[in-house]
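Let me begin by presenting the structure, written as structure tokens, before commenting on it.
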Amino acid sequence: MKNNHIKTFSTGEFADLFGVKKDTLLYYNKINLFNPAGIHSNGYRYYTLPQLDTFSAIQSLRSVNVPIKELKSYFDSPSSTRLNELASRQVENIEMEINKLKENQLFFSRLMEITNELQTVVIGELTLKELPAESVLYSTSKNIDWDDSVEALSHIYDEFLIEVGVNGASFGSVLNKNNLLNENYLQADCLFCRMEGPGTIKKPAGLYAIYYYQGSYDNIKNAYSYLLKEISSQKLIIAGDAYEEYLLHSLVSKHEEEYITKISIKVIPQE
């Protein structure tokens, strides 16, 4: 249609040019982000050719998730300087989102590792396996007594889960070698989580005696007693701490008797 020799578009025509709904244009008009060029005598809104570039710019920025609030602020007074500032903020936001997605990916990858491992475990038998060195993070809380109150233990867990964030898909506790040999099985040195990053240390590579215990944690001392006897009977010597990793817990089962704890102890052959 013509209007004083200036090409105009109805709301529907303009929306069709960009593949959007008319409601989008009406909403942008309502919030004063993008307004029609004018209104015909019959009351219908119309748009003009010069507005194509502006709307295209808005849609380009919306397609990369720039918030409408920021768009309104920017298009009140657009400039190359303000566009640079807007772009810089979005780059920071995207980097944060990428990091979060990577953390989420790692969390679910570890859940897959755990559930895959659970398909192959043999409960109640010692196995020997050469393990590579891997990075672990130790909790700031030390000398944990599993006979302590539920409230105290919950506080330690909550504190550690905050430290590791979403990396806490796979975590456990460390029973140091002295407590292990002295049969102080309920005296953990600290909590640990398998993860990369600042503050981590290397769990040493080597031959590990591995035992999968199923049942309530109250009876885990029986698992340790059996494990130590088996290590001795196979003419092995304990050469490191015991790592308890909680593979099957409340995330997987409602029943404590079904929980599975993986115990790994570095060993060396007797001379």
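The values are calculated or read from the model by the stated rules, or taken from the named source; none is laboratory data. Computed from a predicted model, the values in this text were never measured in an experiment. Backbone-built Cβ (ideal geometry, glycine too); neighbour counts: all protein chains shown. These accessible areas exclude ligands, DNA and RNA; they are computed on the full protein's heavy atoms, side chains included. Shrake-Rupley method; radii C 1.70, N 1.55, O 1.52, S 1.80 Å.
Would you mind finding the one in Leu247, Leu191 that is crowded, with 18+ Cβ neighbours inside 10 Å, assigned to a strand (DSSP E or B) and at pLDDT below 85?
On the way: Leu191 fails: at pLDDT below 85.
Every option except Leu247 fails the conditions.
Which of (1) in contact with a Gly (Cβ under 8 Å, 6 or more places away or on another chain); (2) within 18 Å of Tyr28 (Cβ to Cβ) does Val66 not meet, given it meets every other one?
Every listed condition holds for Val66 apart from (1).
Write out, first by first residue and then by second, each pair whose Cβ atoms fall under 8 Å of each other, whose residues are 6+ apart or on separate chains, and whose first residue, in the range 184-203, is under 18 Å from Ile162 (Cβ atoms) while the second is in a loop (DSSP other than H, G, I, E, B) and open to solvent by less than 40 Å² (accessible area, probe 1.4 Å).
Short answer, once both residue conditions are applied: Cys193/Gly168; Cys193/Ser170; Arg194/Ser170.
Among what's in the range 171-186 and is at pLDDT below 90 and either within 19 Å of Glu159 (Cβ to Cβ) or of a type in the set (S, T, N, Q) (or both), pick the residue that is nearest to the chain's Cα centre (by Cα).
That would be Phe171.
Can you run down the residue pairs with Cβ atoms below 6 Å, 6 or more apart or on separate chains, where the first is in the range 110-133 and open to solvent by less than 40 Å² (accessible area, probe 1.4 Å) and the partner is outside any loop (DSSP other than H, G, I, E, B) and among the acidic types (Asp, Glu)?
Sorted first by the residue in the range 110-133, then by its partner, the pairs are Leu126/Glu230.
Those residues that are of a type in the set (S, T, N, Q) and touching a helix residue (DSSP H, G or I) at 6+ places or on another chain (Cβ under 9 Å), I need them from the range 215-245; list them, please.
To start, the set of residues in the range 215-245 that are of a type in the set (S, T, N, Q) comprises 216, 219, 222, 225, 232-234.
The answer is Ser216, and nothing else.
Is it the case that Gln90 is over 21 Å from Asn35 (Cα atoms), surrounded by 10 or more Cβ atoms within 10 Å (Cβ to Cβ) and in contact (Cβ under 8 Å) with a residue 12 or more places away in the chain?
Yes.
Between Thr127, Thr140, which is at pLDDT 85 or above and either assigned to a helix (DSSP H, G or I) or over 19 Å from Lys266 (Cα atoms) (or both)?
The unique qualifying residue is Thr140.
Working only within the range 203-219, note down all residues that are surrounded by fewer than 18 Cβ atoms within 10 Å (Cβ to Cβ) and under 23 Å from Glu134 (Cβ atoms).
First pass over the range 203-219, keeping only residues surrounded by fewer than 18 Cβ atoms within 10 Å (Cβ to Cβ): 204-207, 214-219.
Selection gives Pro204, Ala205, Gly206, Leu207.
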